[in-house]
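Enquirer: Dumping the structure here so I can ask a few things about it.
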Amino acid sequence: MKSSLLVFLSFWMLTNSSFAKISHLLVTSIGEGIVELDKTKSEKVISSSSFLPHGVSLHVKPQSGIETLAAGYQFRFGASTSFQCLDESLELFSGSLFIRSRNINNKIDINGPEISLRVSGSGSSLIQVEPNGGLKCVGLLGSLKLSAGNQTMVLLPGELVFTDLKTESFSEKVTVDLENLLETSFLISGFLNSASFESALKNVANLQKDAIGKTYNASVGSANSLSNFEVISRSTQDSSNENGISFLKKEDYVLPSESPLDELLGRSPQTLKHTPKPAIHPSSDQHSGNAAIHRPFPSRLLRGN
């Protein structure tokens, strides 16, 4: 039974990728799951192991969540998320989603209430609808490419951007604490993750902490106007703009006073004194023009033994 299901999924993902149609197979349903809403607003429960219908309004119930698989994709939809599936895009009316693209050639349009966003490349991101109708995006793994209007940017792990509705572009990037995000986000920690994915998330969070070397004293709030977004500070020393909205100052890595080589070695580099090479005694095959020089066999050298 399990093998036949795997064969079916492989055939389905192959045929879907060939026709560039994104069909969502519901694989996980938490809480009350997801319902289909018809024109009369009556609810029809969608069961696991079935495909989400296209062109109809779908709603994830409060305190619930779902996970879907598509050709080259993994999606998670958070509580109270309303959306609609189309052939090559998602209409996201409210709520939030997790998207994981496994193919660098993938591309999908996420259409929010007030702006459309194209997501391409390979990686993972969280996307949320904001009160102003725009979208908030946080990079988790890989390097997804985001396009809005005439602007295209690459979103790396730990980077957060908002869409600017006035210019149909993106805000400046803000760095968020990945370690805290991974622990508190339901779309990440509320679902069962593979060991490799869990390990990759922890590794990138640790790398971020080592690279930036700071403690984050702010959490990112919502976008409430056309182009401004809020950063809620836990410190009274953060700067504020004229509207009283606090912004997180990104503290980049600062080069130390000593040279990079000093920092890498933990000491000043030392110059080795030149020593004369030992004489090579001719061997019995010197008459052929080759000296018998003992070198490690290349395959052993590569293996380190």
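The values are calculated or read from the model by the stated rules, or taken from the named source; none is laboratory data. This structure is a prediction, so every number in the text was calculated from the model and none was measured. Glycine gets a Cβ as well: all are built from the backbone with ideal geometry, and neighbour counts include every protein chain shown. Areas reflect the complete protein model, heavy atoms only, side chains present, ligands, DNA and RNA absent. Shrake-Rupley method; radii C 1.70, N 1.55, O 1.52, S 1.80 Å.
Enquirer: Condition first: among the aromatic types (Phe, Trp, Tyr) and surrounded by fewer than 18 Cβ atoms within 10 Å (Cβ to Cβ). Now tell me which residues in region 74-95 satisfy that. So that I can check it myself, show each step before the final result.
Expert: First, the residues of region 74-95 that are among the aromatic types (Phe, Trp, Tyr): 75, 77, 83, 93.
Residue satisfying the conditions is PHE93 alone.
Enquirer: Does THR152 count as open to solvent by less than 40 Å² (accessible area, probe 1.4 Å) and either without any contact (Cβ under 8 Å) to a residue 12 or more places away in the chain or touching a helix residue (DSSP H, G or I) at 6+ places or on another chain (Cβ under 8 Å) (or both)? Give the derivation first.
Expert: Numbers: open to solvent by less than 40 Å² (accessible area, probe 1.4 Å): no; either without any contact (Cβ under 8 Å) to a residue 12 or more places away in the chain or touching a helix residue (DSSP H, G or I) at 6+ places or on another chain (Cβ under 8 Å) (or both): yes.
No.
Enquirer: Of the numbered conditions (1) aliphatic (A, V, I, L, M); (2) modelled with pLDDT under 95; (3) within 26 Å of PHE186 (Cβ to Cβ), LEU6 satisfies every one except a single condition; which is it?
Expert: (3)
Enquirer: Which pairs turn up if I take residues in region 76-88 that are under 22 Å from ASP38 (Cβ atoms) and aromatic (Phe, Trp, Tyr) and look for partners that are open to solvent by 50 Å² or more (accessible area, probe 1.4 Å) and part of a strand (DSSP E or B) with beta carbon separation below 9 Å, at least 6 apart in sequence or on another chain?
Expert: If the second residue must be open to solvent by 50 Å² or more (accessible area, probe 1.4 Å) and part of a strand (DSSP E or B), the pairs left are PHE83/PHE93.
Enquirer: Check SER122, SER101 and return the single one that is surrounded by fewer than 18 Cβ atoms within 10 Å (Cβ to Cβ) and of a type in the set (Ser, Thr, Tyr).
Expert: On the way: SER101 fails: surrounded by fewer than 18 Cβ atoms within 10 Å (Cβ to Cβ).
None of the other options fit; the residue is SER122.
Enquirer: If I filter region 180-188 for residues that are in contact with a helix residue (DSSP H, G or I) (Cβ under 7 Å, 6 or more places away or on another chain), aromatic (Phe, Trp, Tyr) and within 23 Å of VAL27 (Cα to Cα), do I get at least one hit? So that I can check it myself, show each step before the final result.
Expert: Within region 180-188, the subset in contact with a helix residue (DSSP H, G or I) (Cβ under 7 Å, 6 or more places away or on another chain) is 182-183, 188.
Okay, now just the ones that are also aromatic (Phe, Trp, Tyr), so none.
Among the residues of region 180-188, not one is in contact with a helix residue (DSSP H, G or I) (Cβ under 7 Å, 6 or more places away or on another chain), aromatic (Phe, Trp, Tyr) and within 23 Å of VAL27 (Cα to Cα), which makes the answer no.
Enquirer: Answer yes if at least one residue in region 129-148 is over 19 Å from ILE66 (Cβ atoms), open to solvent by 60 Å² or more (accessible area, probe 1.4 Å), outside any loop (DSSP other than H, G, I, E, B) and modelled with pLDDT of 95 or more, and no otherwise.
Expert: yes
Enquirer: Something else now. Of the residues that make up region 174-194, is at least one in a strand (DSSP E or B), buried (at least 19 other Cβ atoms within 10 Å of the Cβ) and not β-branched (Val, Ile, Thr)?
Expert: no
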